[in-house]
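Accompanying notes for the structure given below.
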Amino acid sequence: MTPMAAIRHDWTRAEVRELFELPFPDLMFRAQTVHRLHFDPRAVQISTLLSIKTGGCPEDCAYCPQSASYQTGVAAEKLMSCDAVLEEAQAAKGAGASRFCMGAAWRSPKDRDLDAVCAMVTGVKALGLETCATLGMLTPAQAQRLKTAGLDYYNHNLDTSPEFYGEIITTRTYQDRLDTLAHVRDAGIRVCCGGIVGMGESAEDRIGMIATLASLPVHPESVPINMLVRVAGTPLAHGEALDPIDFVRTIAAARIAMPQSVVRLSAGREDMSPETQALCFLAGANSIFYGPRLLTTPNPAPDRDLQLMDRLGLVPMKN
Ligand code: SF4
């Protein structure tokens, strides 16, 4: 039997810092070794993300063009109809997606809105797709309702380290995030939780983010690592870009610290070279968002992704 890497929930910051500070060849070797113990290194899970309710969000996340606090040209729209969502889900399935994620720009859903989202979840599931939603903070009862409707995954990112969080968002706390994650987990829904780098955080904040994620009582099944997309009108529009090698290091550290999680190379791929993306896959990333848009920001055109996967000999992961 192939030995598996130990699954630990007691990662200290010092241990995660040691990972980040390894010489790059050693870091990549460790990440590859862990990756190959748990996954087929060629397989990439493909998700599609649809914004089912865009803009006008009362939260003030400094990276987000959908916040009503910033003038970004993103107009507030109503919740999409169930039929329109199912049409998009069918198209995503036809394009090869195995999971369909539905995102709404809410602080937390109203119960009336949740009725509509539950109908969407049940409909998407009936198409044979895995379902994921990101709707803001949830109560335990709301999480349970989504579970009953057939929700497989709930996305709720920790975004950054606990120390840097207040620099990025003032309308909720880190503990609010952890509470919703616990409600989702308690309802029996799988967790999709990661963060964003390149927001002006320090290396120590990236270490703190990975250490926090890897110390959750159960590792998130899916860990999206996003590179900030700097959108005009948001407070982070003019920040300095992160060195792509530091991004790759973050992916590798996530892979080593959470060996069984699918690590998603998420936002920011549009501005990433094929070579940087290839390094991310070598570092243990094994999921991407596929489709021309990620909520409101551009994503590589699907044919560009297929070409890259083909050049690298990667194949879609089977459910
Ligand atoms: S990230 Fe989500 S919660 Fe924050 S402003 Fe954007 S839509 Fe709202």
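Some observations on this one:
- At 0.692 mPa s and 37 °C, Stokes D of region 208-292 from Kirkwood alpha-carbon radius, µm² per second: 243
- Convex hull of region 99-250 built on C-alpha atoms - directionally averaged projected area, nm²: 9.4
- Model label sites at Ile245 and Ala68, defined 7 Å from Cα along the beta-carbon direction, differ in position by 4.5 nm.
- Extent along the principal axes, Cα only, for region 167-252: 40, 31, 19 Å, with the longest axis given first.
- Radius, Kirkwood style, for region 6-165 when every pair of distinct Cα atoms is counted (Å): 18.3
- Between Arg8 and Phe24, the contour length at 0.36 nm per residue exceeds the alpha carbon distance by 3.5 nm.
- Spacing of the two label points (7 Å from each Cα toward its C-beta) at Thr148 and Asp115, in nm: 1.4
- Across the chain, counting alpha-carbon atoms alone, Rg and Dmax equal 18.3, 56 Å.
- Cross-link partners of Lys318 among lysines (Cα-Cα below 20 Å; sequence separation of 8 or more within a chain): Lys93, Lys125
- Per the Cα gyration tensor, region 69-145 maps to an equivalent ellipsoid with semi-axes of 22, 18, 11 Å, ordered largest to smallest.
- Straight Cα distances below 18 angstrom link Lys78 to the aspartates and glutamates Glu59, Glu87, Glu88, Asp111, Asp113, Asp115, with same-chain residues fewer than 8 positions distant left out.
- GluC sites (Glu not before Pro) within region 68-122, DSSP loop, no more than 16 other Cβ atoms inside 10 Å: Glu77
No value in this document is a laboratory result; all are computed from the given coordinates. Computed from a predicted model, the values in this text were never measured in an experiment. Using ideal geometry, Cβ is built from the backbone for each residue, glycine included, and neighbour counts are taken over all protein chains shown.
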